[in-house]
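As structure tokens, the structure follows; a few thoughts come after it.
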Amino acid sequence: MKDYEEEVKDTKDVTNENEHKDDYEDICYLCRRSESKAGKLIHLPMEGICICPDCMQRSFTMMSNSNINYDDLMRNMNLQDMFPGNLQDGIPKSQRLKKKKPQEKKEAAIDLKQILPPHQIKARLDDYVIGQDYAKKVMSVAVYNHYKRVATNMMDEIEIEKSNMLMIGPTGCGKTYLVRTLAKLLDVPLAIADATSLTEAGYIGDDIESVVSKLLAAAGNDVEKAERGIIFIDEIDKIAKKKNTTSRDVSGESVQQGLLKLLEGSDVEVPVGASSKNAMVPLTTVNTRNILFICGGAFPDLEGIIKARLNKTSGIGFGAALNDAYDQDPDIISQVTIDDLREFGMIPEFIGRLPVIFTLKGLDEEALVKILKEPKNAIIKQYQKLLALDEVDLQFDDGALESIAKRAIEKKTGARALRSIIEELMLDIMYQIPKDDNIGRVTITKPYVEHTGGPLIEMRGVFSLPNKTPAAGIE
């Protein structure tokens with residue numbers, strides 16, 4: 001009976017796959033280009049074998065210029081041996097490219113009336129991201145304007161420019177998390193790339209176009225969907241122009257130059273289902289005109305540049321007091337200017353294509369405590385949900401939360417240190433709980449966090465659980 005059910009399931013899977021074959025483009029057997037890239041393909045008598053006009057013409061030209069007798073070749077060759085199997089069926093799903101919808105049937109990509117206004121975008125970000133109110137407000141307005149531009153797609157005398165963004169903030173302040181939450185909220189594909197891995201074409205490392213390949217993969221190889229997505233390039237400060245060097249800067253200024261055409265909007269030829277071009281991977285073209293680019297970085301030496309500029313405007317007496325104030329200002333980064341970024345090593349053309357520039361603040365102890373417990377998917381709520389599956393109530397006292405926040409600050413990696421600290425604290429507890437059904441509640445205490453005591457363990461029957469699933473409803 002089991003074998004029969006598995007056979008039926010396999011049959012259904014094959015049937016479903018066959019039904020959706022027409023949703024994907026065929027590719028040329030020789031050059032591996034898709035039909036949208038190579039033009040109308042010529043289907044040979046063998047199943048699944050297609051040749052593009054360019055490859056067909058080159059093949060005939062090669063035979064014409066050789067001494068091969070064409071009549072003998074056609075009489076003697078066995079095409080089935082030359083083209084074994086169905087090429088299209090052998091293409092991995094990750095390399096299959098979805099067909100574009102016919103223009104006359106194509107629905108509006110984005111409905112202007114369905115675009116969330118800035119105050120609603122920020123309100124939803126508030127549910128998941130603690131603090132950074134200014135950054136959330138700037139992002140909400142920029143995203144709203146960007147997708148209004150995409151929805152209207154106006155091509156008259158007044159063309160609205162892209163609202164690409166540059167986020168400046170210390171490590172662990174929430175740059176990546178903000179972008180992830182924003183993409184999820186807008187229901188658009190998101191690709192996250194590390195600028196440190198990018199190099200100029202022809203050198204070891206990822207080509208600049210690989211960021212678009214990642215977005216295409218995130219969109220399920222749907223080009224139209226990818227062309228409305230978001231690309232986040234992290235560690236952008238690491239591609240600053242290197243000073244006092246005579247060698248070619250293949251991972252700095254050259255990468256900035258290479259990104260210019262992507263940021264502004266251009267047709268980019270990218271591999272499907274791979275990060276680099278090769279002869280065995282199909283290619284397609286993605287237009288980056290409506291892709292929103294967000295760049296982020298810590299810019300560690302930027303504070304010194306800002307202080308030096310501000311100190312130049314200060315004189316003696318009262319001005320000297322201002323110098324001391326600048327040195328002690330924890331939010332000095334918010335006074336950044338375009339000239340400061342140029343001094344840091346970002347070329348003017350690159351900065352000009354990131355018109356929305358804003359800063360994020362470092363997280364203090366109070367903010368970290370709120371991050372632990374207040375967002376909809378707060379770390380503590382996640383662990384409460386895990387233990388609720390074992391019918392155990394997990395609690396953290398206020399002293400424990402404050403101690404966890406202090407430990408995170410000492411690590412100097414911001415909010416990303418919180419999970420590693422909690423995971424360390426919960427390891428033994430999560431190991432022991434499944435072994436003892438009598439445990440009903442665990443309370444994480446300050447002494448346990450500071451390694452001077454243990455957690456508070458309460459057995460069932462000593463108290464009554466208010467709800468066996470205290471984390472129910474957590475999103």
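The values are calculated or read from the model by the stated rules, or taken from the named source; none is laboratory data. Bear in mind that the values here come from a model prediction, so they are computed numbers and not experimental data. Methodologically, a virtual Cβ is constructed for each residue, glycine included, from the backbone with ideal geometry; neighbour enumeration extends over all protein chains shown.
For this structure, a couple of remarks:
- Considering segment 217-260, and only residues there that are among the polar types (S, T, N, Q) and more than 21 Å from the chain's Cα centre (by Cα), the residue that is modelled with the highest pLDDT turns out to be 257.
This table checks each residue for (1) in a loop (DSSP other than H, G, I, E, B); (2) surrounded by fewer than 20 Cβ atoms within 10 Å (Cβ to Cβ).
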residue	(1), (2)
173	yes, no
177	no, yes
185	no, yes
200	yes, yes
208	yes, no
215	no, no
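- Selection status of residue 394, surrounded by 18 or more Cβ atoms within 10 Å (Cβ to Cβ) and outside any helix (DSSP H, G or I): yes
- Neighbours by Cβ (under 8 Å, 6+ apart or cross-chain): first from segment 416-440, in contact (Cβ under 8 Å) with a residue 60 or more places away in the chain; second of a type outside the set (S, T, N, Q): 416/172; 417/172; 417/407; 417/408; 417/411
- Considering residues of segment 417-461 that are hydroxyl-bearing (Ser, Thr, Tyr) and touching a strand residue (DSSP E or B) at 6+ places or on another chain (Cβ under 9 Å) only, the residue nearest to residue 390 (Cα to Cα): 443
- Out of 415, 378, sole residue that is within 25 Å of the chain's Cα centre (by Cα), crowded, with 20+ Cβ neighbours inside 10 Å and closer than 23 Å to residue 123 by Cα: 415
- Picking from residues in segment 217-237 that are among the small types (Gly, Ala, Ser) and assigned to a loop (DSSP other than H, G, I, E, B), the one that is nearest to residue 142 (Cα to Cα) is 229.
- Residue in segment 157-174 that is within 24 Å of residue 371 (Cβ to Cβ) and hydroxyl-bearing (Ser, Thr, Tyr) present: yes
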